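The structure appears below as structure tokens.
The values are calculated or read from the model by the stated rules, or taken from the named source; none is laboratory data. Because the structure is predicted, anything quoted here is derived from the model rather than measured. A quick note on method: Cβ atoms are made from the backbone with ideal geometry, for glycine too, and the neighbour counts reach across all protein chains shown.
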Amino acid sequence: MGTKVRMRVWRGDGGAGGLVDYEVEVNEGEVVLDVLHRLQATQAGDLAVRWNCKAGKCGSCSMEINGRPRLACMTRMSLFDPADAITITPMRTFPVIRDLVTDVSFNYEKARQIPSFTPDPSVGLGEFRMQQVDVERSQEFRKCIECFLCQNVCHVIRDHPENMPAYAGPRFLMRIAELEMHPADTADRRAIAQDEFGLGLCNITKCCTEVCPEGIHITDNALIPMKERVMSRKYDPVVWLGGKIARRPRRDTPKVPGGRA
Amino acid sequence: MTDIDEAAQVARLPYDVVVIGAGGSGLRAAIEARMAGKRTAIISKSLFGKAHTVMAEGGCAAAMGNVNPHDNWMVHFRDTMRGGKFLNNWRMAELHAKEAPERVWELEAWGAVFDRTGDGKISQRNFGGHTYPRLAHVGDRTGLEMIRTLQQKVVALQQEDAVRLGDPEAMIKVFAETTITRLLKDGGKIAGAFGYVRETGGFVVFEAPAVVLATGGIGKVFKVTSNSWEYTGDGHALALLAGATLLNMEFVQFHPTHMVWPPSVRGLLVTESVRGDGGVLRNSEGRRYMFDYVPDVFRAQYAETEEEADRWYTDPDNNRRPPELLPRDEVARANNAEVKAGRGSPHGGVYLDIASRLPAAEILRRLPSMYHQFKELADVDITKEPMEVGPAQHYVMGGVEVDADTGASVVPGLFAAGEVSGGMHGSNRLGGNSLSDLLVFGRRAGLGAAEYVDSLAGGRPAVTDEAIAAAAGEALAPLRRMSGENPYTVHGEVQEVMSGLVGIIRREDEIKTALAELERLRERAASVRAEGGLAYNPGWHLALDLRNIMLIAECVALAALERTESRGGHTREDFPEMSPEWRRINLICSLDGGRVRLRRQEMPPMREDLLALFDRAELKKYMTDEELPPAAEPADGEGTH
Ligand SMILES: Cc1cc2nc3c(=O)[nH]c(=O)nc-3n(C[C@H](O)[C@H](O)[C@H](O)COP(=O)(O)OP(=O)(O)OC[C@H]3O[C@@H](n4cnc5c(N)ncnc54)[C@H](O)[C@@H]3O)c2cc1C
Ligand code: SF4
Ligand code: SF4
Ligand code: FES
């Protein structure tokens, strides 16, 4: 039934490794993850691949397919010319654990530095009232499945690990934007977005938006508006305070300490 | 490394409460344990935030009454009992219906951003078996919202600890990509858990007097399933192996609508929201056949004509519900029957049509992931053509027998919550009742575990080196064997047996054949060989999961053979009727000398005030005469809908 295709899969751990050639069967309608699973079941029982839902919902199976960052479970084999070999490599920005699996702990560390949702403590359970139009922006960002493909592709840290301590990456700059745009949040993360999380390093190339499997407009809807908010705070704090003073505390919310455990 | 000396080298991590599982129930349990001041570990086979809960689409059921003010906990309780065909642990169904709204509001206070009603409250949608719009939701990605919110709440607690104690992980820590293979005991009590770290293959021991199982379901026992690789019944098996009991494992939910084509996505869920939002099922002749499949017990609540059914979407108070929204077991059986009768679609499914029912823009707004899923994976545009769908394994109602209020199993120190626990959903779960179950009973199990730890005072159970050595020896066995079968082959055969012979429709002779096959497979499973080394080796992991898969397959088959009636997620072709005598019987699995034992256990009678929430006439359809309340008017003035 199936046809054969050539797959060149990166195998190895830590620093050492290289591409290994395989010939595998492919059937109609299959995605790259199906073929990797067939490799595991028939030729390479110990091939390390991270996956979970096989439905594009969990963001586990991120890798680079012919050099493009993608979810293996949502990449159909019919996309490729059967005559050409398909090259599969791990995400480049993160250290390889083994084969196609990378160490993404950088992302979890950044997540823990961003001050959490801070509602007004006087609002009781079930008493939040928010209009659909007002939550839609935050909802768009909350579609994020944390595949970290945008983190992987952003040139600020891709091949520049030295920038990692000072830069949260698109996923987490967007998390800041999400909280700032949440109608019931009272913290102010604009100063730290710029000073601690490196919003200024982003030069809006939109590479992150291009690879986002959820189609989130990271650059246009999160990063650029966030940059605007940061500017407005810098140059016109009085105007801003006038508008927000009723709800927001006067102070900038500080970054959470104790990043790495 | 069966050596005791080497066992002494294994890292021992002391905690108060260890939660196995980072889905909705596990995270909610861990949050509660940490808020009760307990040092808590969360262990998960996958990365933080990726557990199966992330896949839930439709919503989370809670009688908040935001859309229809008639809704309240009593209506929700009744719907849940009806959906489960009255076999539910009624105390769990009661707690669930009462506490779900508060649990959902709590999520909102932790940052969840649900879809809103016109007056700014949390919006609620219709779902099968629910009388009123009841499911809090975010488009069709509610599970993602829930898991991300709980994940972010864990992070918020860690941030508090970073400020307060100087270490974010002082009180609550996540051990991702770590798999527990054994629970450890001291005498009769839980003393900890043993596992391996996926990344290195190194072993770890968690020393803790209380363990909460929150490991989810058993989908990978079957061939066609909406569940991911994590669902190998680990928690069910760990509980059995530790001396706990499993309840009603014959009740397996086959959800009616999954993708059937192309083969690589067979089993991918098509959310019930499609039907809740107006989608209808048709056969190859174009007939809307669900009207032909309304069973007697539900006749009064469902529309008899297409016209009435269609009016219900806009005027639910004066019309009855469309039969597409019957509980899942009914719809799954109907779909199955249509295909068997030769009225299926080209790829062995039936048609689910939303295209002719809603404008394209509305479909895109309400069901974005469904649109995406069909477009990307099957080249089908659901705003223009019907979907081809069929049933697949989706959920297991059976699970660890627990105390409703605390989640405690029969083993001191062992708790369970979420899909791994049993009883709440009876013989069939209503859509949306799982996400709320995770919150209600996750919290209760976390609290139960914390209180249990307090009750021990200083005297904590201890983990011995012998126990660690035995667990390590068991884990290493597949790697040490010089020869043996490939674990993938054996797993595939177990799945064939279970799907083919103990699937959606069951018969005595087939189940017996399955048990004989499983007996043969047991030996093969026990001697599989994994190639490669310790680090991130999926073949080895599957070899270890096989023990659990085999145990659970046997439990399901034994219980399915024993229960000679049809009810909810258990359909016996040779015993098609529902029996009031069987309604009072729970089937309990335990382990005895390594073999599964099955026994019957009578269900405690429902509390009178709960019984009074139903019409006597309705109860009569389910219960024996002696169980019925004396013939009088129901106490609840509202009656039933
Ligand atoms: C596609 C799909 C859609 C669904 N939609 C809905 C819906 O709309 N509404 C609804 O109410 N329900 C829905 N459900 C059901 C619901 O999502 C699940 O029942 C529920 O999420 C289970 O949650 P849980 O906390 O019990 O377990 P899970 O979320 O599955 O988490 C299990 C956790 O246990 C861990 N684990 C397992 N074994 C081990 C081990 N040995 N060692 C360490 N960790 C382990 C896993 O890594 C994971 O972290 C859906 C299910 C599916 C499959
Ligand atoms: S737009 Fe900004 S965040 Fe996105 S890839 Fe470009 S530099 Fe990175
Ligand atoms: S924003 Fe998009 S690309 Fe980035 S992590 Fe989230 S889903 Fe992935
Ligand atoms: S496996 Fe979940 S996104 Fe690919």
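Okay, residues lined up against (1) part of a loop (DSSP other than H, G, I, E, B); (2) farther than 27 Å from residue B:529 by Cβ; (3) at pLDDT 95 or above:
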site: A:8; (1), (2), (3): no, yes, yes
site: A:22; (1), (2), (3): no, no, yes
site: A:36; (1), (2), (3): no, no, yes
site: A:44; (1), (2), (3): yes, no, no
site: A:81; (1), (2), (3): yes, yes, no
site: A:92; (1), (2), (3): yes, yes, yes
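Checking each residue in the range A:39-76 for being under 22 Å from residue B:231 (Cβ atoms), crowded, with 22+ Cβ neighbours inside 10 Å and of a type outside the set (Gly, Ala, Ser) picks out A:47, A:49, A:50, A:51, A:52, A:53, A:54, A:57, A:58, A:61, A:71, A:73. Of the residues making up the range A:98-107, at least one is assigned to a loop (DSSP other than H, G, I, E, B) and within 13 Å of ligand 3 (Cβ to nearest atom).
Hey, among the residues in the range A:65-88 that are touching a helix residue (DSSP H, G or I) at 6+ places or on another chain (Cβ under 8 Å) and without any contact (Cβ under 8 Å) to a residue 60 or more places away in the chain, which one's nearest to residue A:27 (Cα to Cα)?
Ranking the qualifying residues of the range A:65-88, first place goes to A:76.
Under the condition of being more than 14 Å from chain A (Cβ to nearest Cβ) and aliphatic (A, V, I, L, M), the residues counted in the range B:245-267 number 4. When residue B:477 is tested against (1) free of Cβ contacts under 8 Å to residues at least 40 places away in the same chain; (2) among the small types (Gly, Ala, Ser); (3) farther than 19 Å from residue B:196 by Cα, just one condition goes unmet, and that condition is (3). Go through the range A:57-71 and give me each residue that's within 12 Å of another protein chain (Cβ to nearest Cβ) and among the hydrophobic types (A, V, I, L, M, F, W, C). Listed by number, the residues that qualify are A:58, A:61, A:71.
Can you name the number of the only condition in (1) at pLDDT below 95; (2) buried (at least 24 other Cβ atoms within 10 Å of the Cβ) that residue B:416 fails? With respect to (1) at pLDDT below 95; (2) buried (at least 24 other Cβ atoms within 10 Å of the Cβ), residue B:416 is out only on (1).
Give the residue, chosen from B:401, B:376, that is charged (D, E, K, R) and either touching an Asp or Glu at 6+ places or on another chain (Cβ under 9 Å) or touching a residue at least 24 places away in the same chain (Cβ under 8 Å) (or both).
From the options B:401, B:376, the qualifying one is B:401.
Scanning the range A:169-196 for residues that are within 13 Å of ligand 2 (Cβ to nearest atom) and either surrounded by fewer than 19 Cβ atoms within 10 Å (Cβ to Cβ) or within 14 Å of chain B (Cβ to nearest Cβ) (or both) yields A:171, A:172, A:174, A:175, A:176, A:177.
Scan the range B:555-585 for residues that are assigned to a strand (DSSP E or B) and surrounded by fewer than 19 Cβ atoms within 10 Å (Cβ to Cβ) and jot them down.
B:585
Just wondering, is there one or more residues in the range B:72-81 that are within 17 Å of the chain's Cα centre (by Cα) and away from chain A (no Cβ under 14 Å)?
Within the range B:72-81, the subset within 17 Å of the chain's Cα centre (by Cα) is B:80-81.
Pick out the ones that are also away from chain A (no Cβ under 14 Å) and you get B:80-81.
Within the range B:72-81 (the criterion being within 17 Å of the chain's Cα centre (by Cα) and away from chain A (no Cβ under 14 Å)), the answer is yes, since at least one residue qualifies.
Out of curiosity, is residue B:456 under 23 Å from residue B:11 (Cα atoms) and either of a type outside the set (Ser, Thr, Tyr) or at pLDDT 95 or above (or both)? It is false that residue B:456 is under 23 Å from residue B:11 (Cα atoms) and either of a type outside the set (Ser, Thr, Tyr) or at pLDDT 95 or above (or both). You will find that of B:104, B:154, B:163, the residue that is at the interface with another protein chain (Cβ under 8 Å from one of its Cβ atoms), hydrophobic (A, V, I, L, M, F, W, C) and assigned to a helix (DSSP H, G or I) is B:163 and no other. Annotation: of all residues in the range B:278-298 being acidic (Asp, Glu) and not in a loop (DSSP other than H, G, I, E, B), the one that is nearest to residue B:367 (Cα to Cα) is B:292.
No other residue among A:80, A:106 is within 19 Å of residue B:200 (Cα to Cα), more than 16 Å from ligand 1 (Cβ to nearest atom) and hydrophobic (A, V, I, L, M, F, W, C) apart from A:106.
Scanning the range B:379-423 for residues that are within 14 Å of chain A (Cβ to nearest Cβ), over 19 Å from residue B:57 (Cα atoms) and among the hydrophobic types (A, V, I, L, M, F, W, C) turns up just one, B:380.
Being out of contact with any Gly (no Cβ under 9 Å at 6 or more places or on another chain) and away from ligand 4 (no atom under 16 Å from the Cβ) is the filter here; which residues of the range A:166-177 pass it? Across the range A:166-177, the qualifying residues are A:170, A:172, A:174, A:175, A:176, A:177.
Is there a residue in the range A:205-215 that is in contact with a Pro (Cβ under 7 Å, 6 or more places away or on another chain) and modelled with pLDDT under 95?
no
Take the conditions (1) in a helix (DSSP H, G or I); (2) surrounded by fewer than 19 Cβ atoms within 10 Å (Cβ to Cβ); residue B:319 misses just one of them, which is (1). Within the range A:113-136, restricting attention to residues that are facing another protein chain (nearest Cβ under 8 Å) and not in a loop (DSSP other than H, G, I, E, B), the residue that is farthest from residue A:221 (Cα to Cα) is A:119.
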